[in-house]
1. In the chain, how does Rg compare with the Kirkwood Rh, expressed as the Rg/Rh ratio over alpha carbon atoms?
2. When ranked by the protection proxy of mean other Cβ atoms within 10 Å per residue, highest first, what sequence do the peptides 35-43, 84-92 form?
3. Quick query: amide H of V70 versus all other amide H atoms, modeled in the peptide plane; which residues come in under 5 Å with a sequence gap of 5 or more or a different chain?
4. Choose one of L63, L7, I33: the residue whose Cα lies farthest towards the positive end of the charge dipole of the stretch 1-90 (beta-carbon charges +1 Lys, Arg; -1 Asp, Glu; about the Cα centre).
5. What is the total of Lys pairs in the chain with C-alpha atoms under 17 Å apart, excluding same-chain pairs fewer than 8 positions apart?
6. For the chain, what does the helix formula give at 222 nm: sum of -39500 (n - 2.57) over DSSP H segments with n ≥ 4, over the residue count, nearest 500 deg cm²/dmol?
7. If only Cα atoms are counted, what is the Rg of the stretch 3-53, and what is its Dmax, in Å?
8. Calculate the dipole size of the chain relative to its Cα centre from +1 charges on Lys and Arg beta carbons and -1 charges on Asp and Glu beta carbons; express the result in debye to the nearest 20.
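Throughout, read-outs are computed from the coordinates displayed, never taken from laboratory work. Keep in mind the model is a prediction, meaning the values are calculated, not measured. Methodologically, a virtual Cβ is constructed for each residue, glycine included, from the backbone with ideal geometry; neighbour enumeration extends over all protein chains shown.
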Amino acid sequence: MRIDKYLAHALNVGRTDVKKILKAKRVQVDGQIIKDGKFQVTEQTVRVDNRVITYQENFYYLLHKPKGVVTATKDASQRTVMDLFSVADYRADLYPVGR
């Protein structure tokens, strides 16, 4: 997988932001500074600002949906299950499944 896609997904940022991070020489793969977004990552150790970044393809959360909360990403009149997430757990690419 390309390092730009890897970082965009792992850091939950856009590829434009990843380009800035790469250009600033903040990314290391197995101790080597990487500046090219096309660099292929397999099982190496990826670090940004000396912090290890791990790639997780899927995120699953099991929630108890209280009465009055709707299973939707957005609703103008009611709280949604997305409102139940803390700021630390929320990701823009999450979506509800089920009732």
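1. Rg divided by Rh gives 1.11.
2. The peptides rank, most packed first, as 35-43, 84-92.
3. R79, T80, V81
4. Going by the Cα projections, it comes out as I33.
5. Counting lysine pairs in the chain gives 15.
6. Value at 222 nm, helices only, nearest 500: -5000 deg cm²/dmol.
7. Cα only, the stretch 3-53: 9.4, 24 Å (Rg, Dmax).
8. 280 debye
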